[in-house]
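Single-structure report; data block below.
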Amino acid sequence: MKKQTKAIRTQTEKSQYREHSTPLYLTSSFTFDSAEQGRALFAEEEEGNIYSRFSNPNVTEFVEKVCMLENAEDGIATATGMAAVFASMGALLKSGDHIVSCRALFGSAHQIISQILPKWGITHTYVDADATEAEWEAAIQPNTGAPAAAGAPAARMVYLETPSNPGLELVDLEMLARLKQKYGFILSVDNCFATPILQTPIDLGADLSIHSATKYMDGQGRVLGGIIVGRADLMAQIRFFARHTGPSLSPFNAWVLSKSLETLDLRMERHCRNALQLAEALEQHPDVKAVHYPFLPSHPQYELAKRQMLAGGAIVTFEVEGGFERVKELYNNLSIASLSSNLGDTRTIVTNPFTTTHSKLKPDEKESLGITEGLIRVSVGLEDIDDLIEDFTQAIAKSAEVLQTTER
Ligand SMILES: *Cc1c(COP(=O)(O)O)cnc(C)c1O
């Protein structure tokens with residue numbers, strides 16, 4: 001069976017009521033049939049649920065489906081995407097370790113790496129997403145995996161997002177898998193923007209694939225959730241960490257997310273088709289300075305995108321002249337898109353990263369990531385594409401009046 005079929009048909013065992021849809025197991029704990037069973041469960045001689053901080057049927061169902069879609073050995077679900085990112089690092093890194101990461105990161109991932117991990121003596125080096133193999137290699141310490149030699153921290157982990165937010169830059173996963181062969185670090189990929197439908201990092205050599213399930217996995221802007229899937233030996237360490245620190249996903253959110261996975265494939269197909277058509281239309285618009293989308297031939301990494309991803313994803317960014325004043329006017333003229341900082345919804349959302357999600361970055365950081373005042377990130381939804389194109393086209397044109405007023 002194809003993995004999509006398996007992901008749809010995977011389900012918690014039917015109860016005596018013969019339900020078709022998985023029931024919600026809203027319970028904090030589970031009972032033991034006997035004192036002996038309690039002992040055996042705690043001794044890990046018998047598999048089963050004990051307490052929902054450790055496992056819960058709804059959470060297990062969600063994890064099994066994502067493992068299938070990602071071709072992963074094992075997985076753990078968390079309350080949010082950030083809890084997944086932090087649990088993977090907290091469980092696998094120790095004082096003295098060094099992490100190499102792409103510079104273009106989700107804001108909170110940047111804060112974990114640059115503000116929180118240093119408290120425990122974990123250092124980092126940032127590399128540009130489009131850096132060459134030699135530049136990535138230069139950031140990796142030669143004693144990786146081995147005890148750190150004096151003064152030289154071991155790069156225990158390479159962490160990255162591809163495509164990145166909001167730059168939509170790609171990192172070549174096969175190239176990093178080659179470097180991994182040489183240096184033995186853990187290759188961990190935030191696969192949130194691509195989803196397992198468009199890209200399976202583990203097949204390309206990654207050890208871990210991490211998601212904010214809040215985005216496309218839910219896909220309808222309802223619940224928060226996160227997941228880490230990957231190599232069984234690493235997941236065992238992350239499971240120990242999660243079991244005792246408690247970033248567990250709630251059964252209700254797991255139930256919502258598991259149901260949503262049944263339509264992920266279908267939704268991504270339409271999301272990507274809409275995104276490509278909107279990107280093409282924006283590229284034709286005389287008032288648009290630049291459009292960024294991995295599956296546009298004008299994208300500097302178009303060839304890599306075609307090799308690494310099945311489609312370009314559902315995030316398109318474009319730039320307009322006239323700074324924040326222009327953005328305000330453009331927003332005022334949009335009648336469909338929602339103004340929000342979220343993404344990955346059935347409803348189209350516009351975000352101005354300069355003044356919201358990435359406002360805390362220093363001016364030079366913004367510049368190096370291409371985050372200009374006039375940059376607009378569009379999380380392309382599932383509305384009719386003709387309506388979306390018409391709405392953006394007229395709003396961009398009308399907002400150009402701001403330019404004339406300021407010139408006068
Ligand atoms: C949203 C997001 C996260 C964080 O996920 P939460 O569920 O909000 O904690 C991490 N990485 C990427 C790429 C995201 O878009």
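FYI, it's all coordinate maths here, none of it is from the lab. All of these numbers come straight from a predicted model, not from anything done at the bench. Positions of Cβ are backbone-derived with ideal geometry, glycine not excepted, and every protein chain shown enters the neighbour counts.
When you count, for each residue, the other Cβ atoms within 10 Å and take the mean per peptide, how do 26-36, 91-101, 64-74, 332-342 rank with the highest first?
64-74, 91-101, 332-342, 26-36
To the nearest 20 debye, what is the magnitude of the charge dipole of the chain about its Cα centre, counting +1 on the Cβ of each Lys and Arg and -1 on the Cβ of each Asp and Glu?
Approximately 820 debye in magnitude.
Quick check: convex hull of the Cα atoms in the stretch 265-407, volume per residue, rounded to a whole Å³?
Given the Cα convex hull of the stretch 265-407, per-residue volume reads 110 Å³.
Show me the three semi-axes of the equivalent ellipsoid for the stretch 77-130, from the C-alpha gyration tensor (sqrt of 5 times each eigenvalue), largest first, rounded to whole Å.
Whole-Å semi-axes of the equivalent ellipsoid: 17, 16, 9.
Once a ≥ b ≥ c are taken as the square roots of the eigenvalues of the Cα gyration tensor of the stretch 1-100, is the result rounded (a/c under 1.5), prolate (a/b larger than b/c) or oblate (a/b not larger than b/c)?
oblate
So what are the radius of gyration and Dmax for the Cα set of the stretch 287-336, in Å?
Cα-based Rg and Dmax for the stretch 287-336 come out at 13.9, 39 Å.
With the Cα gyration tensor of the chain in hand, give its eigenvalues times 5 under a square root as the equivalent ellipsoid semi-axes, listed largest first in whole angstrom.
For the chain, the ellipsoid semi-axes come out as 38, 28, 18 Å.
Ranking request for peptides 353-361, 157-165, 305-313: highest mean number of other beta-carbon atoms within 10 Å first, then the rest in descending order.
Sorting 353-361, 157-165, 305-313 by mean packing, highest first, produces 157-165, 305-313, 353-361.
Sort the following peptides by mean Cβ neighbour count (other Cβ atoms within 10 Å, averaged over residues), highest first: 12-20, 266-274.
Going from most to least packed, we get 266-274, 12-20.
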